[in-house]
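Asks: Okay, here's the structure, questions in a sec.
Please treat every number below as a calculation from the coordinates, not as lab data. Computed from a predicted model, the values in this text were never measured in an experiment. Using ideal geometry, Cβ is built from the backbone for each residue, glycine included, and neighbour counts are taken over all protein chains shown.
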Amino acid sequence: MEPPPPPHRHKKCRTAEAAVPGGEEEEEAKDALISLPPDVLDGVLTRLGLRDAVRTSALSRAWRRRRARRWPPSTASSSAACPGRVRSFSAYVDKLTTRRAHDWILVLARRGVESLDLASPIHNHLAVHSSVFSCDRLAYLNLFACDIPPLPPGFAGFPNLRSLTLDHVWLRAGGEYQLEEIIENSPLLEMLVLSGIFIDGDDIINWVIRAPNLQHLTICSPNDYGWNLLDLPRLRSAVIDLWDYLGGRDFAEFLGKLLHVRKLHLFVSYQPSNGAKILETLPCTFDSLKSLKSLKLYMDFCELPAILTIFCLLRNAPNLEKLKIMITDNEQKVEANGVFQNAEWTGGMCANLQIVQITRISWLPNEMSFIELILSKASLLRTISVTHGDKCLMSNEDALSELLKYKRASPQAQILFKEPDNCDEHGGMVRIQSLNMGI
C-alpha cells in the first residue's frame, strides 16, 4: 500500500523559514564538517554512494546545496541527452524532476545504458517509466523508493543483468509474478537484493525465485509475499530477515533451499504471530547446511524460540567454522540453563567451530550457559570474543572470573574481551584483552 503523501508546503512558509535572521548561519555552525575546505567536502561526496550522499541533506541546507551541485538535474539531463553511448547513469529524483526522469529513461533505453541507479524521497517515490524494461543492456539496476510499473507485453528480460537491487519499492497486486518473470529472464543474475518490498493485495501468491547463476541473495521484508526458493546451485551467501517467518508455512523448508550457502546472516529475534512452523518446533528434518562456514545471527537468549533455533541451525551446519551472534534483547523471560542446553546438544555439533563472536552480551544466565557449553564441546575452538551491552547483570570482572572457571575442550581456546567504547559502529575489534584459558 502506498504511504500517505507528505503534507503540502506553501511557498511563503518556506520563504519565511529561509528569511529567519541568522537561521542558516546557526544551522551551519552546528555542522562542524561544513567548515572544511570545499575540495575536501566534494571528496566526501565523491566517495559516497548516491543514497548515502542524498542522506547528507538531513545535516543542513548547505549539504543539500552541495549535493545538488554535485549531482544537479541539469547534469543528469545533459548526460542522458549527450550523443553516443551512456554506460552509467545515477540520479536522485525529487518531485520537481520526476517528469524529466521519464525522459531520461526513454533516452537511456535507446543509448544502451549498462548501469542505472535511481533514488527518490521515501515519501514521494518515483513512478518509474515502463521503458526501463527496454534497457536490455543493463548489467546493474538499483532502484530506491520507486513505483515499479507492470511489465510491457512481450518483455524479453534483461539478458545481461548481473545485479538487481530493489529497495523500498512498490508493486501492484500480482507483483510477485512480475518479480518472478524479471528474475527468471535475467539468466546472468549474480546478486539479488529485495529489501522493503511492498506489494498491493492480501493474498499469498505461489511464486519462486529461480536464478541458476545467483551468488548472493538478500531478502528483508516485514510481510510474507510467498517467498519460495528454487534452483540456486551457485548461491554462496544470503541475508534473510523475514519478520513473519513465512506466515503459516515451513520456515525450515525455506532454509533448506540454502543448501550451498557458505555465509548466512539470519534474523531470528521476532516472535511468530500467526502459528508459523518455525525452527524450534521441528525435528530438524530439512537438508543440512553442509556448505555453511560462517553464520551470523541477530537473536537473544531471553526466550525459547531463538535459543532452540540456534541449536537447530548448529545441528545442521556440521562444517561451521565461524559463529557471530548479535544480541538484541537483555530481559530474560525463561530459564534455559546448562542442563537444558546440554540436552539440545547432539554428537558432531560444532566439530569444526573455531571462532565465536558475541556482541552486546548482558551476562544473563542463559548467555553464560551457552558460552560454557561451547567451551566444553568445541574441540577446535580458538577464540570467543565478547562485547558487553549497556545493561549487565554482573560486573565484567565477575563475569570474566566465572568464564575462566569453565572447562574447555580445546587447549588453544582464548577469550577476547572488548569494551563497547573500543568498538567501531559495526562491532569490529579495536582493542582487546586476551585471557588464556588455563586448565
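Asks: Could you run the Karplus curve 6.51 cos²θ - 1.76 cosθ + 1.60 with θ = phi - 60° over the stretch 361-372 and give me ³J(HN,Hα) per residue in whole Hz, x for Gly and Pro?
Replies: Once rounded to whole Hz, the list reads 6, 10, 6, 5, x, 5, 5, 5, 5, 5, 4, 4.
Asks: Would you mind ranking 254, 311 so that the residue whose beta carbon has the fewest other beta carbons within 10 Å leads the list? Intermediate values should be presented prior to the final figure.
Replies: Details: 254 18, 311 21.
With the fewest neighbours first, 254, 311 line up as 254, 311.
Asks: Between residue 260 and residues 5 or more places away or on another chain, which pairs have amide H atoms under 5 Å apart, with H built 1.01 Å from N, and which residues are they?
Replies: Excluding prolines and chain starts, which carry no amide H, there are no hits.
Asks: Over all alpha-carbon pairs of the stretch 99-219, lay out the pair-distance distribution in 5 Å bins, whole %, shortest bin first.
Replies: Cα pair-distance distribution for the stretch 99-219, in percent: 2, 11, 21, 27, 23, 12, 4, 1.
Asks: I've got another one for you. Skipping prolines and chain starts, which residues have an amide H placed within reach, meaning under 5 Å, of the one on residue 361, given they are 5 or more residues away or on another chain?
Replies: 387, 388, 389
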